[in-house]
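Take a look at the structure set out below.
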Amino acid sequence: MNILHKTKFSSQPDVSLILLDWTVRESFHTLEYLNRQRFDRNRYEIVWIEYYDRRAPEIEAMMRRNSELGLPPQVDTWIVMDTPKEEYYHKHEMYNLGILNSTGRIVVIMDSDAIIKPTFISEVVKEFEKDASVALHFEQIRNFDQNFYPFNYPTIEEINGPGCVNAMGGVPTGLSESAKSLKEDWNLWHRYNYGACLCATRENLIIIGGADEHQDYLGHICGPYEMTARLINAGVKDKLHDAHFLYHVWHPNQGGDNNYCGPNNGRGMSTTAMEIPRTGRVLPLIENPEIRKLRTKASMSVSAASEG
């Protein structure tokens, strides 16, 4: 593993954003959107994790440009795992590496090809000011019009127009009528994309042992909703934001075509994750050893404090 860049912050960031690649990204527009937020750039960090050995020249160019202009780097923590090519990618291993290398109070795990509004981070922080212990999700409005490929920075209005497959009038289909909590109705994770963006405190993610590194989650399935289910079992409230959304446009292989998929229900949902609500399990089947160290250390600190 190589850490190609690490920004030193003078104070703890409010938010850490974790984005993944396994040498598949053709466009790095999400980094552009994240660096154009109406939020103090010193108060959030961007963590980019590559599973294999690619040092994306697009990111190198962004970093070089910003350095020459005296601007903050496009990526604050750039990690290249250098995993051998014969090993299939495991998103959950990348999530955990991101959590371990994040310093923000709030961790955001999101699609690395998402389109976001300039108020996105402000919305995240606002929600955690209301409730410091929440598992917050943002639905993703998707457009399958291939005219947006190669990526050409469509407007939100264009994404909500012809080719949009899951929204009406700029609002995800059925969102205004349905329950906003998975705990109230677990069938909602078939209706909305709970894999697009999960926001939770770093502390809570460590309490549940981070992402499960079980081999059932190898490849395209699963995603952060596996952690959501265990966060709920741990007593964390979940929420699907009903007024702010992410956006996505068509690109080849967007549905994980020809990718390995672990046990699933044929609708893109991990059957292993779907068992979590029934069992009430909080910890992963396979816990990352470094996350375990942090979790047990935190538990010992709490026990010592209560005894004192």
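Of all the listed residues (LYS297, LYS237), the sole one being closer than 22 Å to GLY98 by Cβ and either open to solvent by 60 Å² or more (accessible area, probe 1.4 Å) or polar (S, T, N, Q) (or both) is LYS297. Annotation note: Cβ proximity below 8 Å between a residue of segment 81-97 that is touching a residue at least 60 places away in the same chain (Cβ under 8 Å) and of a type in the set (Ser, Thr, Tyr) and a residue that is open to solvent by less than 30 Å² (accessible area, probe 1.4 Å) and not in a loop (DSSP other than H, G, I, E, B) (sequence gap 6+ or interchain) occurs for TYR88/GLY219; TYR89/GLY219; TYR95/ILE18; TYR95/LEU20; TYR95/ILE109; TYR95/MET227.
Residues in segment 39-60: is at least one among the β-branched types (Val, Ile, Thr), in contact (Cβ under 8 Å) with a residue 60 or more places away in the chain and touching a Leu at 6+ places or on another chain (Cβ under 9 Å)? No, the conditions are met nowhere in segment 39-60. Scanning segment 149-158 turns up no residue that is buried (at least 18 other Cβ atoms within 10 Å of the Cβ) and among the β-branched types (Val, Ile, Thr).
Kindly indicate whether any position in segment 175-188 is touching a strand residue (DSSP E or B) at 6+ places or on another chain (Cβ under 8 Å), open to solvent by 40 Å² or more (accessible area, probe 1.4 Å) and within 23 Å of ASP113 (Cβ to Cβ). No - not one qualifying residue is present in segment 175-188.
Within segment 71-94, the set of residues being assigned to a helix (DSSP H, G or I), open to solvent by 10 Å² or more (accessible area, probe 1.4 Å) and not acidic (Asp, Glu) comprises just one member, LYS91. Pairs linking a residue in segment 223-237 that is at negative phi to a residue that is charged (D, E, K, R) and open to solvent by less than 10 Å² (accessible area, probe 1.4 Å), with Cβ atoms under 7 Å and 6 or more positions apart or on different chains, are GLU226/ASP212. The condition of being open to solvent by less than 10 Å² (accessible area, probe 1.4 Å) and either within 22 Å of ALA114 (Cα to Cα) or under 18 Å from the mean Cα position of the chain (by Cα) (or both) holds for only one of ILE221, ILE206, ILE276, that being ILE221.
Quick grid of which residues meet (1) part of a loop (DSSP other than H, G, I, E, B); (2) within 21 Å of HIS29 (Cβ to Cβ); (3) among the aromatic types (Phe, Trp, Tyr):
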residue	(1), (2), (3)
PRO118	yes, yes, no
VAL125	no, no, no
SER181	yes, no, no
GLY210	yes, no, no
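The values are calculated or read from the model by the stated rules, or taken from the named source; none is laboratory data. Everything numeric here is computed off the predicted structure, so don't read it as measured data. Note that we place each Cβ from the backbone using ideal geometry, even for glycine, and neighbour counts take in every protein chain shown. What goes into the accessible areas is simple: the full protein's heavy atoms, side chains included, and nothing from ligands, DNA or RNA. Shrake-Rupley method; radii C 1.70, N 1.55, O 1.52, S 1.80 Å.
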